[in-house]
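Report on one structure; see the data block that follows.
The values are calculated or read from the model by the stated rules, or taken from the named source; none is laboratory data. Keep in mind the model is a prediction, meaning the values are calculated, not measured. Note: ideal-geometry Cβ built from the backbone for every residue, glycine included; neighbour counts use all protein chains shown.
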Amino acid sequence: MGNGLSDQTSILSSLPSFQSFHIVILGLDCAGKTTVLYRLQFNEFVNTVPTKGFNTEKIKSLSS
Ligand SMILES: Nc1nc2c(ncn2[C@@H]2O[C@H](COP(=O)(O)OP(=O)(O)OP(=O)(O)O)[C@@H](O)[C@H]2O)c(=O)[nH]1
Ligand SMILES: [Mg+2]
């Protein structure tokens with residue numbers, strides 16, 4: 001999931017650039033949620049460890 005859903009052009013560029021959103025990513029353990037988050041933020045693959053609690057990040061779309 002982390003690799004497939006995190007292409008900036010397919011997700012973030014489809015959102016209106018003048019708005020901000022709170023997005024919650026839910027899924028089973030090891031589904032790839034953290035991978036998606038950091039792929040969107042840094043636009044590269046980041047090796048993850050299982051998350052304790054939750055992660056939160058502010059991401060600016062490249063298209064805005
Ligand atoms: N093959 C493959 N592996 C992936 C993909 N996305 C994530 N992974 C791998 O799956 C493992 C778990 O990814 P995480 O992003 O840590 O998963 P998570 O949903 O945050 O897991 P928890 O924090 O434990 O709930 C890691 O080893 C990732 O490298 C994908 O699209 N393809
Ligand atoms: Mg995680």
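On the stretch given as the stretch 11-43, residues that are under 19 Å from Met1 (Cβ atoms), over 11 Å from the mean Cα position of the chain (by Cα) and modelled with pLDDT of 85 or more total 6. Within the stretch 12-49, the set of residues being in a helix (DSSP H, G or I) and touching a residue at least 12 places away in the same chain (Cβ under 8 Å) comprises Leu12, Ser13, Lys33, Thr34, Thr35, Val36, Leu37, Tyr38, Arg39, Leu40, Gln41. Taking the stretch 39-51 as the range and being surrounded by fewer than 10 Cβ atoms within 10 Å (Cβ to Cβ) and within 8 Å of ligand 1 (Cβ to nearest atom) as the test, the residues that pass are Asn47, Val49, Pro50.
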